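The values are calculated or read from the model by the stated rules, or taken from the named source; none is laboratory data. Since the structure is predicted, the reported quantities are computational estimates derived from the model, not experimental observations. Counting neighbours? That spans all protein chains shown, and the Cβs are built from the backbone with ideal geometry, glycine included.
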Amino acid sequence: MHFDRLEKVLLPYEKKLKSQERLRKFLGVKEVERPTYERYITGPVKRFDSHKNAFAVMMPDNPYGQAFKERYRQRTGVDHFSKPLPQSELEPEDRLAQALATASWRLCTDYKPLPQALTPPDGRFEVNDPAWMSRIIKKVGMFFGAEMIRIAQVDQRWVYQDREIAHRYAIVAVVPHQYPMNNTAPSFFSGLAVADTYSRLKFITTQLTDFIRQLGYDAMYRETLGWDPEMLMVPLAIDAGVGEFARTGRVMSPEFGVNMRLKAVTTDLPLQVDRPVSFQAHEFCMACENCALYCPANALTFGEPTGPPDSMFNNPGYIKWYVRADRCLFFWMKNRKKWITCGGRCIAVCPWNKPLNAFHNLVRFTAIHSPSAIKKVLAWADRLVYERKKSIVEK
């Protein structure tokens, strides 16, 4: 069976896929049999209750975390992290920035469409080649707006305990932040960068869901925002080969570093899964520590991975770099005249978040293949060249 016209209209995205594959080959990114997060697992991994997520705890009807919510109210004067100040209390530039961020968040938070009707069995598109269909899905996802699409099997450990997902496959969509915006963190503009990625991801995954259901296969976009999450995106994305686990608690990819957001579509459409990858992310994070050094909330740890902190927000069974989400939330309310969310200062200061050009790709190659001492020099050079500072301008 030939699909010449389909392949022709998707040709720009085939070229983009091949470009991504060539870059990974040049950098020396290795595909591996087992995801590299397994180095952090020390015991049985239980499915986590979504109600214990730090963001979900803040919801008024959540029975968990009453002591934390009361402490939060006492320290911040508000009962939720998402309550902005009135426009009249902001400086003119921040009024514009907050208005932009609020407008960008709306599609993500208010747009909750039901998926389109499922094509009945007599109209189902027969998939005889899952590898070919996977490539079509990747190109269609990039056509809808994703920068990268990867595919994994659904591991039930990464489905929240109080959710049920029966689909076999997960399609992971990647959208990077607008780096100049994110680089202002913490600010309303960095919050805008976050809102922009999540809203774009909502559209992308909704459209992918509808495309697959029109082919006759069940599919559903999966919510990942903290107050109503369905899946743990970090291990799922690592399974899909997006990248590896980083000190920030996020996924670090060879292309985008940690400067990206993720969302998934799950489906029973027959697909070929991608393999996990390895490119020395753990070793680079050990040598760098920028995110911990410049985190204004002191929410990230230095040194080797450790056991979980004394917090309900973490799942036992790991020795890894934990994020103190409670400290993040407290900092977000520290100066509501200048930011409503940190927007990811830990993201902004990561040396890996550089443009995809020949010079920075050569630096990436060096970072992957060099010993620890050179990795430390690269991190030091990043701090020097980009004039990294610990202080946060709050006026």
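Pick from region 47-62 the residues that are part of a loop (DSSP other than H, G, I, E, B) and touching a Lys or Arg at 6+ places or on another chain (Cβ under 8 Å): which of them is surrounded by the fewest Cβ atoms within 10 Å (Cβ to Cβ)?
Of everything passing the filter in region 47-62, Arg47 is surrounded by the fewest Cβ atoms within 10 Å (Cβ to Cβ).
What's the total number of residues in region 7-23 that are in contact (Cβ under 8 Å) with a residue 40 or more places away in the chain and surrounded by fewer than 11 Cβ atoms within 10 Å (Cβ to Cβ)?
So the answer is 0.
Among what's in region 85-99 and is in contact (Cβ under 8 Å) with a residue 60 or more places away in the chain and over 17 Å from Val194 (Cα atoms), pick the residue that is surrounded by the most Cβ atoms within 10 Å (Cβ to Cβ).
That would be Leu90.
Kindly check whether there is at least one residue in region 63-75 that is surrounded by 15 or more Cβ atoms within 10 Å (Cβ to Cβ) and without any contact (Cβ under 8 Å) to a residue 12 or more places away in the chain.
Checked region 63-75: no residue is surrounded by 15 or more Cβ atoms within 10 Å (Cβ to Cβ) and without any contact (Cβ under 8 Å) to a residue 12 or more places away in the chain.
Of the conditions (1) in a loop (DSSP other than H, G, I, E, B); (2) over 24 Å from Gln98 (Cα atoms); (3) out of contact with any helix residue (DSSP H, G or I) (no Cβ under 9 Å at 6 or more places or on another chain), Asn335 clears all except one; give me its number.
The number of the failed condition is (2).
Given the structure, is Gly249 crowded, with 21+ Cβ neighbours inside 10 Å, in contact (Cβ under 8 Å) with a residue 60 or more places away in the chain and under 30 Å from Lys138 (Cβ atoms)?
Answer is no for this residue.
Scan region 236-268 for residues that are part of a loop (DSSP other than H, G, I, E, B) and over 18 Å from Gln156 (Cα atoms) and report the count.
Residues in region 236-268 being part of a loop (DSSP other than H, G, I, E, B) and over 18 Å from Gln156 (Cα atoms): 12 in total.
Name the one entry in Thr209, Thr267 that is hydroxyl-bearing (Ser, Thr, Tyr), touching a His at 6+ places or on another chain (Cβ under 9 Å) and buried (at least 21 other Cβ atoms within 10 Å of the Cβ).
Exactly one of Thr209, Thr267 is hydroxyl-bearing (Ser, Thr, Tyr), touching a His at 6+ places or on another chain (Cβ under 9 Å) and buried (at least 21 other Cβ atoms within 10 Å of the Cβ), namely Thr267.
Given the criterion in contact with a Leu (Cβ under 8 Å, 6 or more places away or on another chain) and either under 16 Å from Met260 (Cα atoms) or buried (at least 23 other Cβ atoms within 10 Å of the Cβ) (or both), identify the matching residue among Ala170, Ala185.
From the options Ala170, Ala185, the qualifying one is Ala170.
Just give me the residues in region 370-387 being over 25 Å from the mean Cα position of the chain (by Cα) and either at pLDDT 95 or above or among the aliphatic types (A, V, I, L, M) (or both), in sequence order.
Ser370, Pro371, Ser372, Ala373, Ile374, Lys376, Val377, Trp380, Ala381, Leu384, Val385
Applying the selection to region 126-143, what residues are more than 17 Å from Gly241 (Cβ to Cβ) and more than 21 Å from the chain's Cα centre (by Cα)?
Result: Glu126, Val127, Asn128, Asp129, Trp132, Met133, Ile136.
What do you reckon, is Glu164 without any contact (Cβ under 8 Å) to a residue 40 or more places away in the chain and either in contact with a Pro (Cβ under 6 Å, 6 or more places away or on another chain) or farther than 25 Å from Cys350 by Cβ (or both)?
Considered against the rule, which asks whether it is without any contact (Cβ under 8 Å) to a residue 40 or more places away in the chain and either in contact with a Pro (Cβ under 6 Å, 6 or more places away or on another chain) or farther than 25 Å from Cys350 by Cβ (or both), Glu164 comes out as yes.
Would a scan of region 233-244 turn up a residue that is of a type in the set (Asp, Glu), touching a strand residue (DSSP E or B) at 6+ places or on another chain (Cβ under 9 Å) and buried (at least 23 other Cβ atoms within 10 Å of the Cβ)?
Looking through region 233-244, at least one residue is of a type in the set (Asp, Glu), touching a strand residue (DSSP E or B) at 6+ places or on another chain (Cβ under 9 Å) and buried (at least 23 other Cβ atoms within 10 Å of the Cβ).
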